[in-house]
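Down below is the structure, laid out as structure tokens.
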Amino acid sequence: MYPVEVLTLFPDSVQGYLGASILGKAREKGLLGVTVTHIRDYAEGKHRVTDDAPYGGGAGMVMKPEPLVAAIEAARSRAPAGAKVLLMSPRGPTFTQARARELVREPGLILVCGRYEGVDERVMPFLDGEVSLGDFILTGGEVAALAVVDAVARLLPGVLGNESSSVSESFEENLLEHPHYTRPPSFRGAEVPAVLQCGDHARIARWRRWHALRLTQQRRPDLFARLELGKADMKLLQKKEEEL
Ligand SMILES: C[S@@+](CC[C@H](N)C(=O)[O-])C[C@H]1O[C@@H](n2cnc3c(N)ncnc32)[C@H](O)[C@@H]1O
């Protein structure tokens with residue numbers, strides 16, 4: 001079982017997502033273990049205060065270091081040795097599929113969700129790293145933590161019904177994925193490409209590869225520039241769609 005602990009001030013905001021669909025089934029099957037911990041449980045005093053005004057003034061509140069570090073230390077003591085403690089933070093490196101592949105090889109994850117203006121800087125030495133979901137600001141780290149759990153969990157063996165489905169997806173090869181179609185064959189005048197109904201698997205694979213390459217070239221030239229294309233791909237790219 002791959003253990004994940006989410007430290008949050010809003011446990012209810014993550015429970016629903018973690019119990020539904022593929023993640024819920026992965027937990028039922030014992031492939032993924034998720035503990036959601038309320039940071040407030042580690043706050044002291046009658047009012048269990050977890051935030052305070054920023055030194056130096058300014059708007060908003062800052063998460064206090066004592067409850068957060070106590071929660072992190074308790075989570076570390078429950079987790080297998082070497083589990084990674086990551087703070088969700090817009091300052092961190094942007095989360096990618098490659099990072100998800102690295103994290104799935106770790107013994108486990110402890111994901112710390114910030115709120116308000118963020119966390120007291122003195123918490124940083126108690127972390128192993130930070131993770132950003134992208135160049136935008138969320139109200140809290142919960143959505144980012146869910147994204148990390150989701151992307152990592154679906155890479156665990158047995159979580160996806162069909163093992164190959166995580167291998168052919170977008171980004172696995174620095175390539176965006178080809179388009180998908182399902183029934184009906186005709187929808188408001190738009191037809192499913194005939195190639196996909198021809199039963200010739202080699203031809204279908206060629207069609208899919210051509211579209212993956214073209215889509216990446218058009219929409220993500222940054223990824224396309226990093227591709228090491230073989231002769232077959234170069235030749236394929238020279239074809240027009242109707243020649244596939
Ligand atoms: C309102 S944000 C704080 C933003 C902070 N004052 C700043 O300007 O960088 C509150 C919390 O949401 C989370 N958060 C916000 N944006 C994020 C992002 N892009 N990726 C990951 N976590 C994010 C972090 O945990 C952060 O501490």
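The values are calculated or read from the model by the stated rules, or taken from the named source; none is laboratory data. It should be emphasised that the depicted structure is a prediction, and the values quoted were computed from it without experimental measurement. Because the Cβ atoms are built from the backbone with ideal geometry, glycine has one as well, and the counts that use them run over all protein chains shown. Just so you know, the surface numbers come from the protein's heavy atoms only, side chains and all, with ligands and any DNA or RNA stripped out. Shrake-Rupley method; radii C 1.70, N 1.55, O 1.52, S 1.80 Å.
A compact table of results
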quantity	calculated
Inter-centroid distance (Cα atoms) of segment 193-213 relative to segment 70-123, Å	41
Whole-number D in µm² s⁻¹ for the chain, Kirkwood Cα-pair radius fed into Stokes-Einstein, 37 °C, 0.692 mPa s	158
Amide hydrogen neighbours beyond the local backbone of VAL112, cut-off 5 Å, H modeled	LEU7, LEU86, LEU87, MET88
Largest-first ordering by accessible area, 1.4 Å probe, given options ILE72, ILE137	ILE137, ILE72
Tail fraction, Cα-Cα pairs, segment 1-132, threshold 25 Å, whole percent	26
Residue with peak Gaussian network fluctuation, the chain [Cα springs, cutoff 10 Å], from LEU229, LEU23, LEU32	LEU229
37 °C / 0.692 mPa s Stokes-Einstein diffusion coefficient of segment 103-180, Kirkwood radius on C-alpha pairs, µm²/s	219
Nitroxide proxy distance, nm - points 7 Å out along Cα→Cβ at SER170 and GLN218	1.4
Per-selection metrics, segment 186-243 (Cα): Rg and Dmax in Å	13.2, 39
Built amide H within the under 5 Å cut-off of THR35, gap 5+	VAL4, GLU5, VAL6
Highest-MSF residue in the chain out of ARG76, ARG226, ARG209 [GNM, Cα springs under 10 Å]	ARG226
Eligible lysines near LYS231 by straight Cα distance, threshold 16 Å, same-chain separation 8 or greater	LYS239
Top of ALA74, ALA144, ALA190 by mean-square fluctuation, Gaussian network on the chain, Cα under 10 Å	ALA190
Segment 235-241 - phi-based ³J(HN,Hα) in whole Hz, Karplus 6.51/-1.76/1.60, Gly and Pro as x	5, 4, 5, 6, 7, 8, 4
Rotationally averaged projected area of segment 124-234 (alpha carbon convex hull; nm²)	11.5
